[in-house]
1. What pairs can you find where one residue is in region 278-301 and without any contact (Cβ under 8 Å) to a residue 40 or more places away in the chain, the other is among the basic types (K, R) and in a helix (DSSP H, G or I), and their Cβ atoms are less than 9 Å apart, with a gap of 6+ or different chains?
2. Looking at region 101-116 only, could you name the residues that are assigned to a loop (DSSP other than H, G, I, E, B) and surrounded by fewer than 15 Cβ atoms within 10 Å (Cβ to Cβ)?
3. T332 fails exactly one of the following numbered conditions: (1) farther than 22 Å from A152 by Cβ; (2) modelled with pLDDT of 90 or more. What is the number of that condition?
4. Might you let me know whether region 199-214 holds any residue that is among the β-branched types (V, I, T), crowded, with 17+ Cβ neighbours inside 10 Å, touching a residue at least 24 places away in the same chain (Cβ under 8 Å) and in contact with a Phe, Trp or Tyr (Cβ under 8 Å, 6 or more places away or on another chain)?
5. Please work out which residue is farthest from L99 (Cα to Cα), limiting yourself to region 22-79 and to residues that are touching a strand residue (DSSP E or B) at 6+ places or on another chain (Cβ under 8 Å) and in a loop (DSSP other than H, G, I, E, B).
6. So, in region 136-178, how many residues would count as being among the aliphatic types (A, V, I, L, M), outside any helix (DSSP H, G or I) and in contact with a Lys or Arg (Cβ under 8 Å, 6 or more places away or on another chain)?
7. Within region 2-14, identify whether any single residue is more than 21 Å from the chain's Cα centre (by Cα), more than 23 Å from I181 (Cβ to Cβ), assigned to a loop (DSSP other than H, G, I, E, B) and not basic (K, R), and answer yes or no.
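The values are calculated or read from the model by the stated rules, or taken from the named source; none is laboratory data. Predicted, not measured: the structure shown is a model, and the values here were computed from it. Heads up, the Cβs are rebuilt from the backbone with ideal geometry, glycines too, and the neighbour counts pull from every protein chain shown.
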Amino acid sequence: MIKRAFLHIGGEKTGTTTLQNFLTRNAALLEKAGFYYPCGADEICFENNAHFPVAASVLTSAVEFVSVERYRTLSSVLPHLTQMCRIAEGTLILSCEHLSSRLDHLWQIRKLRDALPTDDIKIVFYAREPSELALASWSTGIRCGNNLRFDANRIVPQIRYFNHVQTLDLWAEVFGESNLIVREYGRTQLVGGDIRQDFCKQLGVEVTNPLLDDDRNISLDLQRLEVLRHINEGLPQFDQCADGWRRAQSIRREIIEFIPEGKPLVELLSRHDTNAIKARFSEVTRELNGRYFGGRLSRKWFSEDFPEEPIANSPATLQDAEVIRVLVDTITRIAEKMNQYETLIGVQRSRRISSRLKKRLRSLKQRLKYPLGAMKRRVLAPHRRASVPSTEAFGRGTLNRARSLTRDAE
């Protein structure tokens, strides 16, 4: 039976995907060191390199972060976890960032604790500065179907997702504050500047010659996210149609590579708004710093005292004409890629491969027809009402060229 357990509960956007991939790939090495990270292919509490079914099993509504197959077995996850812990040896490691972001009630956390047959349980949580967390989480939201504009005024301590003290209080109530290991997320604060090294240090384990991958979940730039946000307006949300949302995810993954790159995401948040967010969280930051960091939180968590500018500097945003231009560039790139594939395959005289590639790209174009059309109508509507011929002329001319390229590719 396991003697000890480490629950890595996040938080979100703190290198969790990179860490979970590392733990999965090096599970055998960890087991030799006395640490057990359950990650078998038939393990019902495990999926996508982490223990997402464990978090989903204590939630009362459908969630998007587990597959349909795993969703059917959620009622068996915690009993299975208990039985697995009674058989396994050493120290258990579970990792899922949604444990911190989705579990809002004490009864949910107690239910998880009761499933673990040991009293020696440590909770590992990485805290990210709220303004940084806001940008990173908005980026992930867009990639998962969100279509809301970024609004710095919505980043407030009343939202638990950004209030680390509220989250830690929930887990301290069940496991005790002394059993919480709280770390600051940031390259300069992590051991070796790496989430994997830092986590192993907290566990007291050294993995010799581990298998390493590049960092995962790198944020997209501002331009691609803004265009994708508009496209999302024509695609189903998870709460509207779960199956439709899953199909939409495949559309998003394929179209991202065709959207031209733009300005860095950090330019979405002005210095003025960044400072305002930090000021709103000042009391929370002071409490977090005193209770969990011994006054060692880095300076970036605290607001700056600089003179207010006459006009607060505005963040970088895409205007409607820019959105149209980037959308047209995206359609053009898809058409050009189809031409490139057909030319390449024609030279290689491989009809079988050509047919498959053409089918994939034409399928993507067909699936995008409605969301792109809806986005175009929505973006152009204000200009039509205001009779602004320059924007419409720009849109019509460039779109006609894109359509011509698309017809040539067919």
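1. T285/K278
2. Narrowing region 101-116 to residues assigned to a loop (DSSP other than H, G, I, E, B): 103-105, 115-116.
Answer for region 101-116, where residues must be assigned to a loop (DSSP other than H, G, I, E, B) and surrounded by fewer than 15 Cβ atoms within 10 Å (Cβ to Cβ): D104, H105.
3. Condition (2) is where T332 drops out.
4. Among the residues of region 199-214, not one is among the β-branched types (V, I, T), crowded, with 17+ Cβ neighbours inside 10 Å, touching a residue at least 24 places away in the same chain (Cβ under 8 Å) and in contact with a Phe, Trp or Tyr (Cβ under 8 Å, 6 or more places away or on another chain), which makes the answer no.
5. Taking the candidates together, the pick is G34.
6. Looking only at that region, the number is 3.
7. no
So that you can scan it fast, the table gives a plain yes or no per residue for (1) on the phi > 0 side of the Ramachandran plot; (2) in a helix (DSSP H, G or I); (3) modelled with pLDDT under 70; (4) not aromatic (F, W, Y):
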| position | (1), (2), (3), (4) |
| --- | --- |
| E257 | no, yes, no, yes |
| K263 | no, no, no, yes |
| N275 | no, yes, no, yes |
| L297 | no, no, no, yes |
| P310 | no, no, yes, yes |
| E336 | no, yes, no, yes |
